[in-house]
1. How big is the charge dipole of the protein assembly as shown about its Cα centre, in debye rounded to the nearest 20, if each Lys and Arg gets +1 on its Cβ and each Asp and Glu gets -1 on its Cβ?
2. Would you mind calculating the relative contact order of the stretch A:166-255 from Cα pairs under 8 angstrom and at least 6 residues apart, reporting the percent as a whole number?
3. Let me have the 222 nm mean residue ellipticity of the protein assembly as shown computed from DSSP H runs of 4+ only, each contributing -39500 (n - 2.57), with the sum over all residues rounded to the nearest 500.
4. Starting from the residue with the highest accessible area, list A:Lys241, A:Lys470 in decreasing order, probe 1.4 Å.
5. If I take R0 = 45 Å and measure r between the Cβ atoms of B:Asn365 and B:Leu156 in this structure, what FRET efficiency does the formula 1/(1 + (r/R0)^6) give, to the nearest 0.05?
6. Return a whole-number percent for the relative contact order of the stretch A:321-412, with Cα pairs under 8 Å and 6 or more residues apart as the contact set.
7. So, with +1 on the Cβ of K and R and -1 on the Cβ of D and E, and no other charges, what is the size of the charge dipole of the stretch A:394-468 about its Cα centre, to the nearest 20 debye?
8. Please go through the stretch A:49-145 and write out the GluC sites (Glu not before Pro) that DSSP classes as loop and that have at most 15 other C-beta atoms within 10 Å.
Amino acid sequence: MVRLPYLTALTTLLSYGILFVFGHLRDFFRKIFDWSKSNNLQGYAPICLGYEDFYTRRLYLRIQDCFGRPISSAPDSWFDVVERYSNDNNKTLHRTEKTTKCLNLGSYNYLGFAAADEYCTPRVIESLKQYSVSTCSTRVDGGTTKLHTELEELVARFVGKPAAVLFGMGYVTNSAIIPALIGKGGLIISDSLNHNSIVNGARGSGATVRVFQHNNAPHLEEVLREQIAHGQPRTHRPWKKIIVIIEGIYSMEGELCKLPEIIAVCKKYKVYTYLDEAHSIGAVGQTGRGVCELLGVDTADIDIMMGTFTKSFGSCGGYIAASKEIIQHLKRTCPAHLYATSMSPPAVQQVISAMKVILGEDGTNRGAKKLAQIRENSNFFRSELQKMGFEVLGDNDSPIMPIMLYNPAKIPAFSRECLHQNVAIVTVAFPATPLLLARARICISAAHSREDLIKALEVISKVGDLVGIKYFPVEPVKPNKVEHLKKIE
Amino acid sequence: MALAMVNVTASVLNWVSSYFDAPTRAVVFGVPIDGHLVVEALLVVVILFQLTRKSYKPPKKPLTEKEIDELCDDWVPEPLTPQITEDMTYEPPTLESAAGPHAIVNGKEVVNFASANYLGLVGNEKITDSCVGALEKYGVGSCGPRGFYGTIDVHLDCEQKIAKFLGTPDSILYSYGISTIFSVIPAFCKKGDIIVADEGVHWAVQNGLYLSRSTVVYFKHNDMKSLENKLEEVTRRSKHPEKVRRYIVVEAIYQNSGQIAPLDEIVRLKEKYRFRIILDESHSFGVLGNSGRGLADHCGVPIEKIDIITAGMGNALATDGGFCTGSVRVVDHQRLSSSGYVFSASLPPYLASAAIAAVDYLEENPSVLSKLRTNIATLFNELSDVPGLVLASHILSPIVFLKLKKSTGTGKTDIDLLDSIAKQALEEDSVLIATTKRSSLDKCKLPIGLRLFVSASHSESDLLKAAASLKRVAALLIS
């Protein structure tokens, strides 16, 4: 939970207020100067009317160089960040040829499969030569290869469900599956901090959508009771079906979801559950099987489990794992399966090899070592940051660590200072987070060694002092207490 | 009797007025109290009394906990998915090699007409080499969205290459073919805007139109007269033309029918009624035009007149992903407000380098386009007299679409018939053909049929073999 000190809230609101006032002033002068210039739109409405893109023009463009930094090597634990310069005060940025080697604390590379791997890459190149880059066809026409069927069986075995189906992109998985499962007359109850792909899928399905407070099982129960008792809005007919959508690890908070309590509530009220394990599959759990393993929930209790291959497996694409009937139904109706190009065969081979490494089926124990490494790294880093006095969110064992910044001016300050010291950090502001709660988000990887983490901690501590974000300093042990004890003895 | 009533009433009135006009009876606190003041005081007291009483509302009886418990116990949800019957299980053919013009299915070599490999780039040496280089340098995935260190220099190079090839100022890459169009449309069209779209657009476009929450008007498939009528109607009804954005959404080559949109006509209408065009060129990029630059090149329309062009790269360019191009304003706007770009991981770098190599190949070998055109013409010729099936696509479209001359009754029996034709063609003649499959979520009402994707690397014997096989099987199965 975020503990926002009052003084910080006040200064943040004041900063945003000043920025808005200046933005409006500049808009006003821009309108006056443009009055004389001819309008070359000729009767077309402009692409953005009025204040629709106010935030982009006046706030985001000032700190544009903190986002979208291009890199020129693999997103491994150390990578090369391309330097950019601007001639017109950050409105447009141009690339240079120079690069700086920086420590990567921003990419989703939880198990270190991002760069060329000794087991995976030769097999990927072999599959590239055999199956070529793309099948140019949908899965149902002529785009299913042996690799796809092999991976579907492997994913089902890994996750612990009877069957699975693959898609070429994680975002499309959510947006196209939810409309296939539920339609008008159904109810979707989703966590208030769910990802944009789930929100889009829920909107596209036509069902009614209600939100429950983040990770709050009693509130979910309250919402369920009220909705079942009252039925559909205005007609009060009973709902056709109800699906509750939650995520394994929430990517902006780093928190694990309270899975056992939520599943208990869902079973009591006979509603279906949909778990999105985009960040947690492969990264948490004793053998990397996700939050179910970590929190001790039986996979048969969750109806549909979804995940992506981008984060822990170093590839691209998504999957859905559920019972055989649901998967067969999805293969017949889901538009992403029927109309979209099938996943690229080298990417499929990368996931197969990565899963084999994690399961230990490649003959070594690299998988177990990676899993132990990421757990150790996350816990070490988080406890050190908390000792330094930063406000760090997230649970133990989760590899995502947001550090709260709050003030809008601290976002570019923190990001640019860290880049000067060769540490690449990701900062997140509105609209991905609420307006007042800007943060810097750190993603730990199994490829980070202990020295890398210690260097990162030094740099973050120095920059944190400079920028002033150590909101909860730890009290040092008082010396006179020790004397008092000595006297009694 | 009446007189007595009148007398009684008069005497009562006299009595009342005597009290009213009575001289001052009492003096309270120096204020003389006349009779009428007492009546007025009583009236005020009565009014106050009524005001302070609660007004009559039917009592609200919220459900008690016990009643809610009973309702929750009684409620029975529908099963999550409907029952699967025997005939619904369909296993697509599994490839055991690359999806080139000849592929291996179930151990046998087949002629492959189910891959949209228009330029024959599947298995191309140069593309494979550039991919191997990219895999060794960058790994497979890009591990992050574009805003958070997921932008790799190959992405920026690919965007510039495509923009230079088409002649537009800038372009933007998406990580998946179908997510391109359903992210672009909601980024530009909001609630209150007006969109006029063709009724034969595919599911991804329909989803984008639904997510944008704008008013959508459909016109008859590829019918310019119908389009003009709809534009006229919409312009007449619109109240604030400067505040409402208006778009026409069409595809260059329609996936559901193989027709080609007449772009010069559409541009003329757009300029007359002040609409913007969103053109989806997934199947025409790299196919139409003298140099493969798409529909604008083919129709001789300058590329600046088309506002937004999107395309999926999973067809002619034999890679994956998509791009969108247009003016600088159009492309910049998407970098922050397009959900499929901002909230999703970026395209794997080896696919971007494959796209760069494919565009290079197209620039260096424009002769592959004429080979593709001759192949399409040959196949068109051969298939013009298949018993029971009629050609429904345009002669220049690389998607050759055959539909049933006469429907067999219901949609289901049509699908079964077409599926059995495709199955027999595969098993007996080793020709892999695709039938159109419609999802239950798809709102398109165009007829289904058989689709053959022609490639520039098909040889003449392949085309003749496919035509002969179709004629034989159709004669057997369509009575």
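The values are calculated or read from the model by the stated rules, or taken from the named source; none is laboratory data. Given the structure is predicted, the values throughout are model-derived calculations rather than measurements. No Cβ is skipped: glycine too gets one built from the backbone with ideal geometry, and neighbour counts run over all protein chains shown. Side chains included, ligands, DNA and RNA excluded: accessible areas come from the protein's heavy atoms. Shrake-Rupley method; radii C 1.70, N 1.55, O 1.52, S 1.80 Å.
1. On the way: 105 positive and 102 negative charges, 507 e Å.
That gives the protein assembly as shown a dipole magnitude of about 2440 debye.
2. Values: 111 pairs, mean separation 29.1, N = 90.
Relative contact order for the stretch A:166-255 comes out at 32 percent.
3. The per-residue figure over the protein assembly as shown is -13500 deg cm²/dmol.
4. Details: A:Lys241 25, A:Lys470 55 Å².
Solvent-accessible surface, decreasing: A:Lys470, A:Lys241.
5. On the way: r = 25 Å, r/R0 = 0.57.
It comes out at approximately 0.95.
6. Details: 49 pairs, mean separation 11.7, N = 92.
13 percent.
7. Details: 7 positive and 7 negative charges, 47 e Å.
Result for the stretch A:394-468 is approximately 220 debye, rounded to the nearest 20.
8. Values: sites: A:Glu52, A:Glu83, A:Glu97, A:Glu118, A:Glu126; in loops: A:Glu52, A:Glu118.
When the GluC sites (Glu not before Pro) of the stretch A:49-145 are filtered for loop state and at most 15 Cβ neighbours within 10 Å, A:Glu52, A:Glu118 remain.
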